[in-house]
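These notes concern the structure reproduced below.
Readers should treat all values here as calculations from the given coordinates under stated rules, not as data from a laboratory. Computed from a predicted model, the values in this text were never measured in an experiment. Every residue, glycine among them, receives a Cβ derived from its backbone with ideal geometry; neighbour counts consider all protein chains shown.
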2 protein chains.
Amino acid sequence: MSDNRRKLGIIAGGGSIPRILIDYAKNHEIPYFVLAIEGNADRAIFDDSINHKWIRIGQAGTGFKFLRDEGVQDVVMIGTIHRPTFSELMPDLRTTAFFTKLGLRALGDDGILRALVKEIETENIKVVGVHEIMPDLLVKEGLLTKVKPDKQALVDIERGIEVDITLGSLDVGQSVIVQQGLVLGVEGIEGTDELIRRCANYRRKGTGGVLVKLRKLQQDMRIDLPTIGVTTIENAHKAGLRGIAVHAGNALIVDEQRVIELANKYKMFVIGINPAEKIR
Amino acid sequence: MSDNRRKLGIIAGGGSIPRILIDYAKNHEIPYFVLAIEGNADRAIFDDSINHKWIRIGQAGTGFKFLRDEGVQDVVMIGTIHRPTFSELMPDLRTTAFFTKLGLRALGDDGILRALVKEIETENIKVVGVHEIMPDLLVKEGLLTKVKPDKQALVDIERGIEVDITLGSLDVGQSVIVQQGLVLGVEGIEGTDELIRRCANYRRKGTGGVLVKLRKLQQDMRIDLPTIGVTTIENAHKAGLRGIAVHAGNALIVDEQRVIELANKYKMFVIGINPAEKIR
């Protein structure tokens with residue numbers, strides 16, 4: 001079976017997606033090997049039934065050796081990675097050379113990851129996006145829930161799209177919360193869950209806000225796609241948001257069925273949008 | 001004395017600047033009248049020695065009447081205003097007419113304030129910036145402290161300028177915190193103090209970050225200029241920031257001497273920058 005299948009390396013960060021991909025590989029008899037990133041990947045996921053090794057961020061040389069030893073041909077980077085700064089990176093030889101190559105300059109927040117993709121590909125390993133393996137993870141276009149956005153929500157979504165696109169072009173965040181036309185919060189490094197939580201404190205009276213989450217325009221589809229899941233809905237509900245607009249075909253939805261059920265229960269909308277098209 | 005002086009209306013929001021302006025008016029025998037905004041202006045400031053009246057946000061009609069009754073000729077809007085949403089605004093006749101005129105659309109975060117300036121000027125009252133009365137409040141260009149930004153700090157400031165300018169063009173925030181090239185946080189509606197506090201949680205190891213605070217390019221100098229003061233320095237110090245770069249000639253520094261003394265004590269830099277000029 002697996003002889004004519006390419007071996008898949010999974011570089012695993014935090015959250016539940018790495019497990020979903022590992023289960024998928026197992027169920028579809030795709031040969032795989034996981035590099036689990038310390039401080040990011042969830043230790044509870046990795047028992048003896050999973051072919052994996054742990055590395056620290058900064059152990060690029062060791063990581064490449066593991067991938068070679070395992071005969072990995074394709075690599076997927078998946079799950080949340082706490083973005084490292086230069087001084088956080090533990091020095092090993094390969095890493096030092098890698099950063100010498102980059103030089104001291106201000107990288108965008110995905111700059112280090114993009115440079116890593118290039119570096120992996122010098123090893124003749126192909127970096128692929130998780131959506132190339134599991135296309136069902138991508139958010140579909142259109143309304144996913146029973147409740148749909150009303151006129152005010154559409155105004156808020158439009159404003160969110162405008163802010164997201166511009167922020168994304170700077171390689172900063174990809175999420176924004178808008179309530180009644182006011183931008184309550186903009187995502188920096190904190191991640192969407194934290195953004196939602198803090199915006200609960202800035203909530204205005206009246207009609208609740210909307211989360212708009214887009215892929216950065218120039219963002220490599222193989223790197224850290226925007227993702228929503230059950231936690232996003234739970235947090236959004238607690239923060240009094242009325243709904244979520246997310247980039248159709250360019251963002252991931254983990255556990256879609258449960259996400260939609262939960263959103264319906266909370267009378268929230270979830271809509272897959274194409275920011276290039278007029279939404280009202 | 002005051003016969004040939006124009007009467008100054010002060011629409012007072014939160015913080016200590018309204019008091020500084022009131023004291024200035026008193027000391028320079030400028031006739032004045034204060035409209036203190038409930039829920040924003042500091043009640044402790046307004047004793048019987050100050051000619052003032054309180055209004056709620058949304059009582060525009062009442063506010064205009066007070067300004068007319070007092071014979072106000074110039075108006076300064078000063079201090080922090082919790083940005084209202086439509087549904088927070090208490091309906092009175094004038095306010096309703098004002099918002100009917102605006103229509104339901106997504107205003108930028110300063111959109112309502114800009115519309116208010118126009119509305120005040122239909123009353124033949126001139127809206128002026130606080131810097132036109134107290135030019136010393138403006139941040140001076142160049143290094144204000146003993147410590148100066150090193151190479152990494154200059155890289156961070158450059159990245160901050162880039163992000164700030166773009167955010168400002170969207171009429172969103174005007175502050176950003178950058179550490180070692182990473183954008184830790186971007187200001188939404190929460191204000192700079194909250195931005196600084198939360199970024200303490202996202203701080204990376206190693207060299208600390210920098211706060212960059214600019215006036216939005218299209219921002220009316222008469223509306224809510226970016227401001228730093230003693231609290232900014234205290235918060236920045238607690239959050240492990242190494243310094244603050246602020247828009248020279250376009251931002252206010254409250255209590256400059258104490259700000260500089262405190263920054264020197266904490267070995268932080270404060271620098272007045274011109275974002276249009278190369279900083280390194």
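General observations
- The alpha-carbon of A:K53 sits under 15 angstrom from the alpha-carbons of these aspartates and glutamates, leaving out residues fewer than 8 places away in its chain: A:E38, A:D42, A:D69, A:E70.
- Since only A:G58, A:I22, A:G39 are under comparison, the one whose Cα sits farthest along the positive direction of the charge dipole of the range A:1-61, derived from C-beta charges on Lys, Arg, Asp and Glu, is A:G58.
- For chain A, fraction of C-alpha pairs farther apart than 26 Å, in %: 44
- Chain B has one residue whose beta-carbon comes closest to the axis relating it to chain A; that residue and its distance in whole Å are B:V186, 2.
- With 29 Å as the limit on Cα-Cα distance, the pairs of B:K26/B:K65; A:K26/B:K205; A:K148/B:K213 that go past it are A:K26/B:K205; A:K148/B:K213.
- When B:R197 is represented by a point 7 angstrom out along its Cα-to-C-beta vector, the spacings to that point in the other copies are 1.5 nm, nearest first.
- Each other copy places its own label point for A:D69 at 8.4 nm from this one, sorted shortest first, where the point lies 7 Å along the Cα-to-beta carbon line.
- Put a plus charge on the Cβ of each Lys and Arg, a minus charge on the Cβ of each Asp and Glu, and nothing anywhere else: the dipole of the range B:193-280 about its Cα centre is then about 560 debye.
- Multiplying the residue separation of A:D136 and A:A115 by 0.36 nm and removing their Cα-Cα distance gives an extension gain of 4.8 nm.
- Spin-label pair A:S49/B:R68, simplified geometry with 7 Å Cα→Cβ offset, distance in nm: 7.8
- Helix B:93-102 axis versus longest C-alpha principal axis of chain B: approximately 50°, rounded to the nearest ten.
- The length gained on full extension between A:K26 and A:K126, counted as 0.36 nm times the residue separation minus their Cα-Cα distance, comes to 34.0 nm.
- Excluding same-chain neighbours fewer than eight residues apart, the aspartates and glutamates reachable from B:K146 by a Cα-Cα span under 15 Å are B:E256, B:E261.
- Sorting B:32-45, A:119-132, B:240-253 by their mean Cβ neighbour count within 10 Å, with the most densely packed peptide first, gives B:240-253, B:32-45, A:119-132.
- Distances from A:E277 to itself in the other copies, using label points 7 Å out along the Cα-Cβ axis, amount to 5.0 nm in increasing order.
- Label point at B:D193 placed 7 Å out along Cα→Cβ; residues across the range B:205-225 whose backbone nitrogen lies under 17 Å: B:225
- Ratio of the Cα radius of gyration of the range B:18-70 to 2.2 N^0.38 Å, where N counts its residues: 1.14
- Average projected area [Cα convex hull, the protein assembly as shown], square nanometres: 27.8
- Relative contact order [Cα under 8 Å, 6+ residues apart], chain B, whole percent: 17
- Value of Rg to Rh for the range A:197-280 (Rh from inverse mean 1/r over Cα pairs, i.e. Kirkwood): 0.97
- The Cα center of the range A:230-280 and the Cα center of the range A:112-136 differ in position by 27 Å.
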